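Worksheet: one structure, shown below.
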Amino acid sequence: MTATEFDSSETQTPAQAASSGKRRRIAHLDMDAFFASVELLRYPQLKGLPVVIGGGRRKVDELLLRGPDGTAERERRFIPVEDFPLLKDYVGRGVITTATYPARQFGVGSAMGMMKAAKLCPQAIVLPVDFDEVRRFSRLFKSTITEIAPVMQDRGVDEVYIDFTDVPGGQREGGRVLARLIQKSIFERTGLTCSIGVAPNRLLAKMASEFNKPNGISIVYEEDLQSKIWPLNVRKINGIGPKAGEKLARLGIETIGQLAAQDEQWLMGHFGKSTGAWMHRVAWGRDDSPVVTESEPVSMSRETTFDRDLHAVRDRAELGAIFTDLCMRVAEDLQRKGYVARTIGIKLRYDDFKIATRDHTAYSYTADGATIRQLAGQCLKRVPLDKRLRLLGVRASTLVRRGEEPEPDPQTRAVAASSRRRPQVGVDKDTGQLF
């Protein structure tokens, strides 16, 4: 649920790869249950158990280390499992960041409200996110990759795209040899596992990385489209969410193969010109987007598509928790990459597929989660919230590197000071219900 746009150098296009006599081989690497796996390194006694990561501030370690009597300090790996907090006892508006695979078997997943998850898997152990440790391991696994394959596109804290085309071993067995080396190197350096899909492009590589989770490698060639990709549900395409999937199902389209069989004009008639053409293109496995190496980002954003449409009033608690989580994730992305933003925006997609976006440019730069949430809340006051929502996103733009913020001119400083003295305007009815 993260998107970052770059103005940066790029690797070979498919045409250039073909002219060089090499097959284009692009990998998508996804760390396995990353946030939870980092916690399992800290508490190995929890391996094989349902564990969810999310909730409030990190105080659980101090409580666990002190023990039940609150006196003697214990080693982490010797803390009894029964001493860990359980999801059934959680009270609050937190959202799950990730869950271990045993917890996922109960239907628990990322971006789910923790109170809802408690009904599905009450016996799960719940731990808060340790962002400092997660960032440390993120930097570690990515630096391990670039030592082997330097052309890597960062797609968030736990996933990357890698161009295997010209890397030694990148063509052998369709990229499997190089994928094994990267998996082995990451595990030796971090103790964590990852899953890798290698394919002719990013679209197919991302789908392939899900085939053999956890700790798997999947290879897809152009000629595998019909046998490996077309039998998959349309929801496996990155960009087709629950609502679009439901609409396709009503039209009798459930698999990617069935989507590929439709006339492009027919799809455009049902989903609009842009979306319909895109659906037809991706169903045939076409994706010419290059793997780009990071330079200066244009923006950083986080968004999530809901499992069911949510209403601003009736689903106030769940939406509020998700909104806060998105703002905090954007702040974490900015802090991790060393940027601050001046413009904060939101994106809403309603149940009728219409999209609304709003931006607010502040007088100063920030990478603070609470400030981003406040500015994004100002944007929400300017959009209608009477219809159900299927997607919510938060975006930060007008970026500069931290410490390189330009000095505001005297007029901007005066307007900012005046704004701080101005009485706060009360929130409107709909926004108040959500926040």
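The values are calculated or read from the model by the stated rules, or taken from the named source; none is laboratory data. Remember, it's a predicted structure, so these values are computed and weren't measured experimentally. Glycine gets a Cβ as well: all are built from the backbone with ideal geometry, and neighbour counts include every protein chain shown. Side chains are part of the model used for accessible areas, which takes the heavy atoms of the whole protein and leaves out ligands, DNA and RNA. Shrake-Rupley method; radii C 1.70, N 1.55, O 1.52, S 1.80 Å.
Report whether or not Val330 is in the same structural domain as Thr371 (by TED's automatic domain parsing), loosely packed, with under 15 Cβ neighbours inside 10 Å and under 26 Å from Met112 (Cβ atoms). In short, no.
Considering the range 176-196, the residues that are touching a strand residue (DSSP E or B) at 6+ places or on another chain (Cβ under 9 Å) and of a type in the set (D, E, K, R) include one that is most open to solvent (accessible area, probe 1.4 Å), namely Arg180. Residues of the range 298-315 that are surrounded by fewer than 21 Cβ atoms within 10 Å (Cβ to Cβ), under 17 Å from the mean Cα position of the chain (by Cα) and of a type outside the set (Val, Ile, Thr): Ser299, Glu303, Asp307.
Here Ala249, Ala261, Ala199, Ala205 are screened, and the one residue that is buried (at least 18 other Cβ atoms within 10 Å of the Cβ), over 17 Å from the mean Cα position of the chain (by Cα) and not acidic (Asp, Glu) is Ala199. Met207 fulfils the conditions (1) in contact (Cβ under 8 Å) with a residue 40 or more places away in the chain; (2) under 18 Å from Ser289 (Cβ atoms) except for a single criterion, (1). Residues in the range 50-85 that are open to solvent by 30 Å² or more (accessible area, probe 1.4 Å), modelled with pLDDT of 65 or more and among the small types (Gly, Ala, Ser): Gly55 alone.
When you scan the range 270-285, do you find a residue that is modelled with pLDDT under 95, of a type in the set (Lys, Arg), open to solvent by 40 Å² or more (accessible area, probe 1.4 Å) and more than 25 Å from the chain's Cα centre (by Cα), even just one? Yes, some residue in the range 270-285 is modelled with pLDDT under 95, of a type in the set (Lys, Arg), open to solvent by 40 Å² or more (accessible area, probe 1.4 Å) and more than 25 Å from the chain's Cα centre (by Cα). The criterion of at least 1 residues that are in contact with a Cys (Cβ under 8 Å, 6 or more places away or on another chain), at pLDDT 90 or above and among the acidic types (Asp, Glu) is met, among strands (runs of 3 or more DSSP E) falling completely within the range 338-404, by 355-366. Selection of the range 124-153 for residues being over 21 Å from Arg76 (Cα atoms) and in contact with a strand residue (DSSP E or B) (Cβ under 6 Å, 6 or more places away or on another chain) yields Ile145, Thr146, Ala149, Val151, Met152, Gln153. Among the small types (Gly, Ala, Ser) and within 30 Å of Asp351 (Cβ to Cβ): is that true of Gly241 in this structure? Taking the combined requirement at face value, the residue satisfies it.
Within the range 290-307, is even one residue of a type in the set (Lys, Arg) and assigned to a helix (DSSP H, G or I)? No, the range 290-307 contains no residue that is of a type in the set (Lys, Arg) and assigned to a helix (DSSP H, G or I). Across the range 23-51, the qualifying residues are those that are among the hydrophobic types (A, V, I, L, M, F, W, C) and part of a helix (DSSP H, G or I), and the one among them that is farthest from Lys142 (Cα to Cα) is Leu46.
Go through the range 72-86 and report how many residues are over 12 Å from Arg42 (Cβ atoms) and in a loop (DSSP other than H, G, I, E, B). Give the steps one after another, and end with the answer.
As a first pass, look at the range 72-86 and keep what is over 12 Å from Arg42 (Cβ atoms): 72-74, 78, 80-83, 85-86.
From the residues that got through so far, the ones that are in a loop (DSSP other than H, G, I, E, B) too are 72-74, 80, 85.
Residues flagged as over 12 Å from Arg42 (Cβ atoms) and in a loop (DSSP other than H, G, I, E, B) within the range 72-86 amount to 5.
For the range 171-187, which residues satisfy the criterion of being β-branched (Val, Ile, Thr) and under 24 Å from the mean Cα position of the chain (by Cα)? Result: Ile182, Ile186. Here Arg136, Arg155, Arg104 are screened, and the one residue that is surrounded by fewer than 20 Cβ atoms within 10 Å (Cβ to Cβ) and at pLDDT below 90 is Arg155.
Applying a threshold of 6 Å to beta carbon distances and a minimum spacing of six or more residues, or different chains, the list of pairs starting in the range 367-385 at a residue that is closer than 11 Å to Ile346 by Cβ and open to solvent by 20 Å² or more (accessible area, probe 1.4 Å) and ending at one that is modelled with pLDDT under 90 and assigned to a helix (DSSP H, G or I) reads Lys381/Thr431. Contact annotation: residue pairs with Cβ atoms under 9 Å, 6 or more positions apart or on different chains, pairing a residue in the range 346-361 that is buried (at least 17 other Cβ atoms within 10 Å of the Cβ) with a partner that is among the aromatic types (Phe, Trp, Tyr), are Ile346/Phe323; Ala356/Tyr350.
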